[in-house]
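So the structure is just underneath, and the comments pick up after that.
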Amino acid sequence: MTLNSSLRTALQSQSPAYGFWLTVPSAPIARTLLRAATASPVEAFSWVLLDAEHGLITDRDYYDLSTAIASEGASPIIRVPCGEEWMIKRALDSGAHGILTPMCHCAEDARRIVQYAKYPPVGSRGYGPLYAPHAFPGVQGGPQYDDNADRELLVMVQIESRSGVENVEEIAKTEGLDVLLIGPFDLAMQLGIVRGGEEHEVAIQKIVQAVKAAGKKVAIFCGDGAQARDRVDQGFDMVSVITDQGAMVNGMVQTLSVAQGCPVNGKPRNGY
C-alpha cells in the first residue's frame with residue numbers, strides 16, 4: 001500500500017510535473033481549475049502549491065484545500081511561511097503530500113527541514129495525523145499512513161538567496177531532501193541582479209547542475225506556460241504554469257477586450 005502521491009509518481013516517471021500556485025483559500029477554485037485541465041486534451045495537473053507564505057492561505061485552510069485537491073487527483077504541496085517545526089507539522093498533519101520551505105541558505109537549514117518532516121527515529125515530527133489520511137484516497141489512518149509517510153511525503157526547499165546559491169552543492173546532497181525549487185524573483189533581488197538577465201540565468205543553471213549531480217529533482221516557479229515550456233526544455237523536473245490569480249486576471253482581461261472589440265495579445269506575466 002502506498003500513499004498515492006500524484007506528484008511523486010510523476011517525478012518517478014521522469015516526465016515533467018506540471019502544477020499551479022493557489023493563493024486564495026478557495027476549494028471550489030482549486031477544484032474548478034483542476035477539473036478544467038482534466039476535461040481538456042492536455043495532461044492533468046499533478047500538483048498544486050498552497051501558498052501560505054505570500055498568499056491569503058493560513059493553516060486554518062490546509063485541511064479543506066488539501067482534501068479537495070487530492071480528491072481531484074493532484075498532490076497538495078504546502079509552502080509554509082517559514083521552516084519552523086510547528087508550521088511543518090501542521091501542514092503535514094492536515095494532509096499535505098509534501099512541504100516547501102522558503103529561503104534555504106545552507107545544508108544545516110536543509111537537514112533541519114528534513115528532521116522536522118520525518119517521524120522518529122529519522123526526525124522529530126510529532127505524531128498526530130488525525131486528518132492527514134483524508135487527503136490520500138483509499139488510505140486509512142494508522143499503519144497505512146504511518147508506515148509510508150517518511151518515505152513518500154515530499155520534502156522541498158527553495159533556493160533563492162546568495163548563500164543558497166553558494167551552498168547549493170551541499171544543500172542538494174542532504175539525505176531525505178527530494179526537491180530544490182528556485183524562486184526566481186527573490187533570487188534576482190537577493191543577488192542584486194536583473195531578473196531574466198545573463199547573471200540570473202547563470203545562477204539558475206548553477207543550481208540545476210548541482211541538483212542533477214546530487215540525483216535530486218529541480219523545480220522552478222513560472223508565471224506562464226511559455227516560461228514553463230522553456231524550463232522543461234532545459235531539464236527542469238517540476239514547473240508551475242500560472243497562479244490562480246494570474247489565470248483569473250488573464251481570462252477576465254482577454255474576454256473583456258474581445259467584448260470591447262480590442263483583443264489584446266498575450267504578454268509574458270511579470271509576477272504572480
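All of the numbers you see were taken from the coordinates with simple rules; none came from a lab. Just so it is clear, the structure is predicted and the values come from calculations on it, not from any experiment. FYI the Cβ positions are ideal-geometry reconstructions off the backbone, even for glycines, and counts take in every protein chain you see.
The modelled label-to-label distance between Glu84 and Val202, using points 7 Å beyond Cα along the C-beta direction, is 3.8 nm.
Using only the Cα atoms of region 79-183, construct the convex hull and provide its projected area averaged over every direction, in square nanometres to one decimal. Working shown, then result.
On the way: hull surface 24.3 nm².
So the mean shadow area of the Cα hull is 6.1 nm².
From the largest down, region 105-241 spans 51, 32, 24 angstrom on the principal axes of its Cα atoms.
Relative intensity of region 130-192 on a log10 scale, I(q)/I(0) at q = 0.12, 0.23, 0.25 Å⁻¹, equals -0.47, -0.88, -0.97, per a Debye sum over C-alpha point scatterers of equal strength in the absence of solvent. Helices meeting the span-like rule in the chain (full DSSP H runs, Cα extent of at least 20 Å along the helix axis, mean Kyte-Doolittle score of 0.0 or higher): 244-259. Each Cα pair under 8 Å and six or more residues apart adds its sequence gap; the mean of these over the residue count of the chain is a relative contact order of 18 percent. If you count Lys pairs in region 6-243 whose Cα atoms are under 16 Å apart, skipping same-chain pairs closer than 8 places in sequence, the total is 7. Using alpha carbons only, the radius of gyration of region 6-243 set against its Kirkwood radius gives Rg/Rh = 0.94.
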